[in-house]
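J.: Quick one: the structure is below, and I'll ask about it shortly.
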Amino acid sequence: MSKWEEKELSEFFSQYNDILEIKYGFTTICDFIKQHNSIKKVLDLGCGSGALTPFLAPIVPQMIGADISKYAIELAREIHKDSGVIFTYPTELHHYTNDIPFDTVISAFVLCTLKTEDSVRAIFRQVNSHVIKHGYYMTLDFNLDAIGIDFGPFKTGEAGKTYRDGNTLLTTLWTKTGKPFSFHDTYWSLEKRIACAEEAGFSLYQKLIPHVPNFKPPFIISVFKKEEEL
């Protein structure tokens, strides 16, 4: 990906109409954190321009956002400059742990961007190094049982098509002004994610499935619990 494409993509995601993520994804994550009083320090890994920041920053004493994209971090710092949240790169996270790991790490729509099984394994190992024992790794992703459904702001994959781990998923998003943008995600089954998590010292703790009246939920939040150090 060129720097120009990376900048364009970061700006597009910052304009995405995330009304469904807010209602059925971010709110569910926040409810989980509110129910676990021990969660004080949170890492938003793959934070983009900081979509989760307005929801998490008011309920946790310390929050860090990290992303590999220079342009996403610049946008996040500009948009959320008064939030008290620090935005940095994954390679710089050791500067912010101060020998105290994170209680919870959150990744929203990150696993689906990873193209290889090794990269899925790697992110679980990375999270293991940043989270306390018995801490949580929460992943927000599209509902694999709702592939091909046009939810309005987004559509992932083709209805009726069978996908296997590593297959490409065509995803289309729409901005608040109705402008569409398409790109390719990758299909990783829950079974594959659990296997990679277990290799990295995690177990599946809970699946949080938002209730959507008369419709399939667009997202599922998988909560993995760290059981052992690597």
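The values are calculated or read from the model by the stated rules, or taken from the named source; none is laboratory data. Since the structure is predicted, the reported quantities are computational estimates derived from the model, not experimental observations. Glycine also receives a Cβ, built like all others from the backbone with ideal geometry; neighbour counts cover every protein chain displayed. Surface accessibility is based on the protein's heavy atoms, side chains included, excluding ligands, DNA and RNA. Shrake-Rupley method; radii C 1.70, N 1.55, O 1.52, S 1.80 Å.
J.: If I ask for residues that are open to solvent by less than 50 Å² (accessible area, probe 1.4 Å) and in contact with an Asp or Glu (Cβ under 9 Å, 6 or more places away or on another chain), which ones from the stretch 86-113 would you list?
T.: 87, 88, 90, 105, 106, 107, 108, 110, 111, 112
J.: I've got another one for you. Got a sec? Which of 140, 230, 204 is part of a loop (DSSP other than H, G, I, E, B) and closer than 30 Å to residue 97 by Cβ?
T.: 230
J.: Given the conditions (1) of a type in the set (D, E, K, R); (2) touching a residue at least 12 places away in the same chain (Cβ under 8 Å); (3) open to solvent by 10 Å² or more (accessible area, probe 1.4 Å), report the number of the one that residue 141 does not fulfil.
T.: Only one criterion in (1) of a type in the set (D, E, K, R); (2) touching a residue at least 12 places away in the same chain (Cβ under 8 Å); (3) open to solvent by 10 Å² or more (accessible area, probe 1.4 Å) is unmet by residue 141, namely (3).
J.: Related question: Check whether at least one residue in the stretch 28-37 is closer than 22 Å to residue 208 by Cα, assigned to a loop (DSSP other than H, G, I, E, B) and in contact with an Asp or Glu (Cβ under 6 Å, 6 or more places away or on another chain), and report yes or no.
T.: no
J.: Being of a type in the set (A, V, I, L, M, F, W, C), open to solvent by 70 Å² or more (accessible area, probe 1.4 Å) and in contact with a strand residue (DSSP E or B) (Cβ under 8 Å, 6 or more places away or on another chain), is that true of even one residue in the stretch 198-217?
T.: For the stretch 198-217, residues of a type in the set (A, V, I, L, M, F, W, C), open to solvent by 70 Å² or more (accessible area, probe 1.4 Å) and in contact with a strand residue (DSSP E or B) (Cβ under 8 Å, 6 or more places away or on another chain): present.
J.: Got at least one residue in the stretch 20-34 being in contact with a helix residue (DSSP H, G or I) (Cβ under 8 Å, 6 or more places away or on another chain), of a type in the set (Asp, Glu) and closer than 21 Å to residue 219 by Cβ?
T.: No.
J.: How many residues, within the stretch 68-109, are within 23 Å of residue 133 (Cα to Cα) and not hydroxyl-bearing (Ser, Thr, Tyr)?
T.: The number of residues fulfilling the criteria is 14.
J.: Only one of 160, 166, 201, 135 is under 22 Å from residue 216 (Cα atoms) and small (Gly, Ala, Ser). Can you tell me which?
T.: Within the list 160, 166, 201, 135, the selection yields 160.
J.: Test each condition in (1) of a type in the set (S, T, N, Q); (2) over 17 Å from the mean Cα position of the chain (by Cα); (3) modelled with pLDDT of 95 or more for residue 91 and report the one that comes out false.
T.: Every condition holds for residue 91 apart from (3).
J.: Return the total of residues in the stretch 143-195 being in contact with an Asp or Glu (Cβ under 7 Å, 6 or more places away or on another chain) and assigned to a helix (DSSP H, G or I).
T.: 1
J.: Still on this model: Across the stretch 154-185, which residue is most open to solvent (accessible area, probe 1.4 Å) among those that are of a type in the set (Gly, Ala, Ser) and at pLDDT 95 or above?
T.: Checking each candidate, the answer is 166.
J.: On to the next question. Give me a count of the residues in the stretch 30-74 that are modelled with pLDDT under 95 and open to solvent by 60 Å² or more (accessible area, probe 1.4 Å).
T.: The qualifying residues number 5.
J.: Looking at this structure, is residue 83 open to solvent by less than 70 Å² (accessible area, probe 1.4 Å) and in a loop (DSSP other than H, G, I, E, B)?
T.: It is true that residue 83 is open to solvent by less than 70 Å² (accessible area, probe 1.4 Å) and in a loop (DSSP other than H, G, I, E, B).
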